[in-house]
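Inspection log for the structure reproduced underneath, given as structure tokens.
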Amino acid sequence: MDFDDTREEAEFRKEVRQWLAANAEPKSGAFETWQSRYPGRDGYEGLERAKEFQAKKADAGFAALHWPVEWGGRALPPIYQVIYSQEETKYLVARGYFEIGLGMCMPTLFAFGTEEQKRRHAPVALRGQEVWCQLFSEPGAGSDLAGLRTRAQKNGDEWVINGQKIWTSGAHWADWAILVARSDPKAAKHKGLTFFFLSMKTPGIETRRIKQISGASHFNEVYFTDVRIPDSQRLGAVGAGWGVAITTLMNERLTSGDLRGPDFEEIFGLARSVGLEDGPAIKNSAVRERLADIYVKTQGVRLTRFRTMTALSRGETPGPENSIGKLVNAPKAQEIASFAMDLLDMGGVVMDKDTAPLRAAFQESLLSSPGGRIAAGTDEILRNIIAERVLGLPQDVRVDRDLPFDELPTGAR
Amino acid sequence: MIGTAVPEPYGGAGFGYLELCVLAEELGRSLAPTPFASTIYLAAEALLLAGSDAQKKRWLPRIAQAEAIGCLALAEGAHVATAHNIATRVTGGRISGTKLPVMDGDVADFAVVAAAESSGRAGLFLVDLKGEGVTRTSVSTVDPTRSHARIVFDGAAAEPLGAGVGGWPLVERLLDRAAVLVAFEQVGGAQAALDMAREYALGRFAFGRQIASFQAIKHKLADMYVGVELARSNAYYGAWALSKDAKELPVAAAAARVAASEAYYQAAKENIQIHGGMGFTWEFDCHLHYRRAKLTGLMLGSTRRWKDLLIARLEAAA
């Protein structure tokens, strides 16, 4: 493990710092990370400002460092993206709007789209002029994504889509989307899927915002009624959609995983400032023990990332051990929020920003952190991934693998 | 191998701490029943930190040649040993008091002993265990793969260790450095326990399938893996701080110790659980890791105490 940049990396970091200092707004506290993901109740509030910043970032050549030069990237090794992200997190940048499009949709288009499609979509996505979303999950297909049942039926040179997606982040502000749908219900579950991209302005699409337990609305239900997609917007072969979706999801792991709530620094600060029945909270041994547990986990994840960075820096590919980051951080965020409120005792329930410490960041996190344990791989799915891909343990016994999809048991039958 | 970390002028190979960490991990993985930790991480390290040139010349070459075993005599029974409650006394170069347990104290040639002078100032002293005024008896512990002793000093000759740093800060510095090295033994042991559990779960069939295909087992193994990796990362950082003698060492060492002690205990305990009844038998090695996990978790002070220390150091740094 190497904790120092190489000379080239150090020069790049300097360049990034100078550019950010001149163009971005610094944070007033680390806990603002998550608040700046999608500013505002339904996310519209920060959209225009985010698009303006994204255009500047793209013009300066920082928006997609590892992309090929012809699509506006710099073709740099992944470690440079890590360095840029480390520096950018010190600023108030609402990067969430573009993560799905640039981190997941474009890499899929690069792998399966035509040259003309890449030329049409990549530059405008990079500059934030067009935002993308990902139409994957369904009411009956979350962790078990391949169980999706939105239908795609071929009709001449077009496909006709009917069905429903859910948990689609940003569908209400997105211009374009990637979609995986079932083209053959008689085929086995993973073999009857086909992958498309489409404009969110296509007639027959209805988007309904979902109100989260935090009160915010960042994701949606999306309904399809006879939505028509030209066959030219199919990505990959008919029936090969699962393989394309895996390409998208492999990129998701590189995109997600940052802790977006108050972390060790904030709970440590709170313990140092708040009093308990027997004196300052920081002097209470039960409090100290829990703080130490949180510190060791925080450092463990941070340092495991350094190990990943060292691997990236040497040109090695980091393995699925990356998935421990989210598996540790997401429950930890929830624990920190709950622990902080315990320290505030009866007053812990107050969410008034002018009264609660850190402008109610802990209370907000109590209500937002459960989502972190579910989105982009639940805690349980991540444990399966570690068990199967890192430790090489067998898959669970599957009853759905070789049967025609329309003969699989469901709760409805 | 013994002389890895002993500097060349004293007859060792003069490798650095990073090499020693690699070695420690392998010793932990193999459950090595040797007095390596006592001799190298504790006794030799104390000499390197605070020994006079004569003291170093007397013991280090013999350690490097595997002709001398050293140990640390700190605890005085079933309670926490602190700068304020150490009862062993040194007066006029003579030491008296009872130390229990002393890891490898029954086989060691010399001991680094925590004791207080008549002024009340506690620190470390060097005692030749083959000399007059030393009575040693073996004591049984939860881990019979490492021997332990009760040592009664009755006017044995004792030389202060204190060139450079002395007093209780020397004890803390010594324990910090050993904490990093023991963390690597613990990471090695935890990885071995995880590997054992994995192998067994793959080979054992129940209800017509490998038990490794049950999520209750898979998730348990995944949690063990997460614990080991977090401990490994904390230990690597400790190794870096130790090798550079960085100002971050006290915090890094405490974090490495807490993470590694907990990961090893978790892995060792769940390894028995995954083995089922076989894991509870003498014939399987599961109990050896279980014993070693608890021993290494206490040998430099309990996790509870290191957590408190970690927070105290973070407070001091804030």
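Some points to look at:
- Residue within the stretch A:127-139 that is outside any strand (DSSP E or B), within 26 Å of A:T410 (Cα to Cα), small (G, A, S) and in contact (Cβ under 8 Å) with a residue 40 or more places away in the chain present: no
- Filtered residue count, the stretch B:162-194, keeping only those that are within 14 Å of chain A (Cβ to nearest Cβ) and either within 14 Å of the chain's Cα centre (by Cα) or over 23 Å from B:L18 (Cβ atoms) (or both): 8
- Each residue in the stretch A:9-48 was checked for being at pLDDT 85 or above, charged (D, E, K, R) and in a loop (DSSP other than H, G, I, E, B), and 1 of them qualify.
- Of the set (1) in contact with a Phe, Trp or Tyr (Cβ under 7 Å, 6 or more places away or on another chain); (2) small (G, A, S); (3) touching a residue at least 40 places away in the same chain (Cβ under 8 Å), all apply to B:G162 but (1).
- Members of the stretch B:38-70 found to be touching a residue at least 60 places away in the same chain (Cβ under 8 Å) and not in a helix (DSSP H, G or I), listed by number: B:G51, B:S52, B:Q65, B:A66
- The conditions of being in a helix (DSSP H, G or I) and more than 9 Å from chain A (Cβ to nearest Cβ) are not met by B:A255.
- When the residues of the stretch B:195-216 are filtered to those that are more than 8 Å from chain A (Cβ to nearest Cβ) and in a helix (DSSP H, G or I), the one that is farthest from B:V258 (Cα to Cα) is B:G203.
- Answer from A:A187, A:A152, A:A125 - the residue that is buried (at least 21 other Cβ atoms within 10 Å of the Cβ), modelled with pLDDT of 95 or more, touching a Phe, Trp or Tyr at 6+ places or on another chain (Cβ under 7 Å) and farther than 15 Å from A:L235 by Cα: A:A125
- Meets criteria (surrounded by 21 or more Cβ atoms within 10 Å (Cβ to Cβ) and either more than 29 Å from A:A330 (Cα to Cα) or at pLDDT below 95 (or both)) for B:L230: no
- Condition broken by B:A293, with the remaining ones in (1) touching a residue at least 40 places away in the same chain (Cβ under 8 Å); (2) within 14 Å of chain A (Cβ to nearest Cβ) satisfied: (2)
- Subset of the stretch A:47-96 (residues that are under 18 Å from the mean Cα position of the chain (by Cα) and either β-branched (V, I, T) or farther than 22 Å from A:A22 by Cα (or both)): A:P78, A:V82, A:T89, A:V93
- In the set A:S273, A:S285, only one residue is surrounded by fewer than 22 Cβ atoms within 10 Å (Cβ to Cβ), at the interface with chain B (Cβ under 7 Å from one of its Cβ atoms) and of a type in the set (S, T, Y); that residue is A:S285.
- The combined condition, being buried (at least 18 other Cβ atoms within 10 Å of the Cβ), more than 10 Å from chain B (Cβ to nearest Cβ), at pLDDT 80 or above and in a helix (DSSP H, G or I), is not fulfilled by A:K297.
The values are calculated or read from the model by the stated rules, or taken from the named source; none is laboratory data. All values derive from a computational prediction rather than experimental measurement. Neighbour counts run over all protein chains shown; Cβ positions are idealised from the backbone, glycine included.
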